1. On alpha-carbon atoms, Rg over Rh for the chain using Kirkwood Rh?
2. Give the relative contact order (percent, whole number) for segment 3-234; include only Cα pairs under 8 Å separated by 6+ residues.
3. Evaluate E = 1/(1 + (r/R0)^6) for GLU121 and ALA312, where r is the Cβ-Cβ distance and R0 equals 60 Å; express this FRET efficiency to the nearest 0.05.
4. Suppose we keep just the alpha-carbon trace of segment 256-319; what are its Rg and Dmax in angstrom?
5. Using the beta-carbon distance between GLU191 and ASP325 and R0 = 60 Å, what value does 1/(1 + (r/R0)^6) give for FRET efficiency, to the nearest 0.05?
6. Only helices at least 24 Å long along their axis, Cα-based, and averaging -0.5 or more on Kyte-Doolittle count here, so list those DSSP H runs from the chain.
7. Could you compute the FRET efficiency for LEU474 and GLU363, with r as their C-beta to C-beta distance and R0 at 22 Å, rounded to 0.05?
8. Starting from the Cα of LYS287, step 7 Å along the direction of its Cβ; do the same at SER32; then give the gap between the two resulting points in nm.
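All of the numbers you see were taken from the coordinates with simple rules; none came from a lab. Predicted, not measured: the structure shown is a model, and the values here were computed from it. Here the Cβ positions follow ideal geometry from the backbone for every residue, glycine too, while neighbour counts run over all protein chains shown.
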Amino acid sequence: MKYVIGVDLGTSAVKALLMNQQGEVCREASKSYPSIQEKSGYSEQNPEEWVAKTILAIKEIVSGLDAASVEGISFSGQMHGLVLLDRNHRVLRNAILWNDTRTTRQCREIYELAGETRLLELAKNPAREGFTLPKLLWVKENEPDIYRKAAIFLLPKDYLRYRLTGEIHSEYSDAAGTLLLNISEKKWSREICEAVGIDMSLCPPLIESSGFAGYVTPVIAQETGLSEKVKVFAGGADNACGAIGSGILEEGKTLCSIGTSGVVLSYEERNERDFNGKVHYFNHCQKDAYYTMGVTLAAGHSLSWFKDVFAADEEFDSLLKGLADVPIGANGLLFTPYISGERTPYADSVIRGSFIGIDASHERIDFVRAVIEGITFSLNESVEIFRDCGKKIDSIISIGGGAKNDVWLQIQADIFNAKILKLATEQGPGVGAAMLAAHGCRWYASLKECSDVFTQVEKTYEPIKENADQYKELYGLYKRVYQQTRELNEGLTRFRY
């Protein structure tokens with residue numbers, strides 16, 4: 001039996017999947033690690049945690065196997081994070097993560113220096129706090145000694161791959177989330193670098209997502225149980241890999257992924273559609289293809305936050321018990337999931353979440369239903385943008401935490417007013433990474449052929465008209481909350497520590 005490994009470097013944990021040539025997940029392991037939040041808006045991690053936990057996860061899933069049976073490994077990873085290395089390729093500081101929002105001033109500087117219109121023309125994305133370039137500028141301005149020592153930057157999964165192979169690379173789907181890539185020409189933009197004062201030598205060499213990146217080092221082979229001959233492939237951004245692992249490989253395909261963050265992602269054959277910066281436009285892992293994407297910063301995180309604060313000792317199944325018995329609208333309770341700020345459609349690092357309509361009759365399960373509906377309303381704002389720009393969205397593949405609960409899947413169908421497809425294996429990013437390794441190993445001539453084997457629909461959820469009509473009315477109320485709480489949240493910022 002031959003195998004490949006897909007490693008998904010997430011925000012809270014690394015997951016490793018062992019998959020065979022029939023697209024079956026034979027083994028899996030997950031190892032968690034902490035985030036470091038020194039003050040409001042800051043979010044960092046120690047990159048060495050990623051390496052140590054990945055080694056443990058791989059060791060667990062290959063234990064007892066013939067080392068030669070594992071032919072390839074590839075990666076999916078959290079986007080936008082900044083890992084700075086010195087000339088000896090040693091880490092200079094903790095990684096600054098995608099959900100760090102300290103860089104509002106640097107985003108304004110990027111517009112002033114590069115021009116908002118020109119930035120959209122080249123990078124296809126507006127300046128947002130989560131992206132990598134604002135983080136580079138923040139370090140340059142606030143930690144000049146560290147910046148002067150920096151020789152190269154890497155994105156999280158690219159650093160992990162470097163530690164496993166000793167080879168430095170990035171690839172297009174992740175590089176597209178830095179604001180430094182000319183997305184159309186697939187090369188680092190000298191114009192943007194020069195405009196904002198970033199030395200292009202900091203940018204790593206670029207290869208395709210399924211490109212060969214090297215072999216595991218002897219040390220890693222010994223620590224994991226892998227063969228030194230296992231081929232390592234570049235991999236992709238988590239959302240791009242999620243798209244691959246969900247079969248989003250042709251025009252008309254749309255994905256909803258609910259992890260720590262939430263995304264609505266749609267395949268694009270060309271890079272010419274104009275969303276005026278309302279959603280992100282990135283290079284796909286599939287060569288010479290693209291995808292557009294709206295983001296909810298705290299999707300699954302909103303639910304896990306609620307659990308940690310109000311039901312820390314319970315399992316999620318217990319927390320969600322009785323969800324189906326709560327009527328649409330959670331008995332008059334509305335939640336906005338802005339607990340980490342928001343990205344689509346507001347791009348606001350100051351806004352914070354709200355429960356609207358609390359009264360003494362509400363029980364905990366009402367709050368749970370309100371949180372789930374609020375997350376889904378936020379994702380629906382991205383669906384609405386796509387539809388307003390002429391995209392037809394009548395079916396959506398759902399993956400991640402939101403695809404593990406039948407009630408939530410029906411809520412998605414009703415709020416999106418679209419057919420929801422649940423996959424037999426819903427770990428999209430890890431499966432996508434494994435598919436890149438399978439394609440790189442030449443098991444399949446194309447990612448599409450690989451997808452036909454690796455992705456299968458298990459269940460379909462149709463929108464219920466009565467429910468969709470009710471949600472349409474409630475969604476109108478939801479959209480009003482942002483405007484009516486924005487000024488209040490700005491006033492509360494001076495009380496946040």
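1. Values: Rg = 21.7 Å, Rh = 22.8 Å.
Here Rg/Rh amounts to 0.95.
2. Worked out over segment 3-234, it gives 21 percent.
3. 0.80
4. When restricted to Cα atoms, segment 256-319 yields Rg and Dmax of 16.5, 49 Å.
5. 0.55
6. Result, helices passing both filters: 364-388.
7. Using R0 = 22 Å, I get an efficiency of 0.70.
8. Simple spin-label model gives 4.1 nm for this pair.
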